[in-house]
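Data block below; observations after.
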Amino acid sequence: MRLRPRHFVLIAVIIGLFAFNVYRHRRAQQQTTFSQQAAPVLLTPSTYADPAINNAWIDFEHAAALRDAPGTQFQPALDTFNTAQAAISTTTANAAADPTIDLQNCKMWLISYRTGALTGPNAHTQASEHIDRCVRLHRDAAF
C-alpha cells in the first residue's frame, strides 16, 4: 500500500493530538501541585483573656502552617499544640462560647486534611479553606 498525501496529513494530526494531550496532562499536574501548597499563614493576635488559649491558637497556627510538611516537621508542631490544648483550664459555662471546642474542631479538620480521611472531589480544598479560616478567625468556621 502506498502512502498518499492524505495519509501523511492524518498521521500529522494524530501526532499533534498526542502531543497536545501530553501537554495538557502535564499542565494539569503542575496546577494541582501549585494548588496543594499551603497558603501563607498570617499570625494575628487573638482576643481571649486566657493566655493559655492564646498560646494554643498560636501553636495551632504553627501546626497548620506545616500541614503539607513531612511528618518529621509536622508531628512535633502537633505535639506542641496538643500540649498547649491540654493546658487550657476552661471556666466557661456556656459550651457554645467555649474556645476549646473550636480548637478541637479545627484540630480535627487539620488531622483529616493531613491523613486524607476526607472524601469527595474537592474535599482537600475545602479542608484547606476551613483550616485557613480557623487560623484567620481563631475559631471553628463552618461552611
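Here, each number is a calculation from the coordinates, and none is a lab measurement. Since the structure is predicted, the reported quantities are computational estimates derived from the model, not experimental observations.
On full extension, the segment bounded by Phe18 and Ala87 gains 18.9 nm, given 0.36 nm per residue less the C-alpha separation. The phi torsions of the range 15-24, fed into the Karplus equation with coefficients 6.51, -1.76 and 1.60 and a -60° offset, translate into couplings of 5, x, 5, 4, 4, 5, 5, 5, 4, 5 Hz, rounded to whole numbers, with Gly and Pro shown as x.
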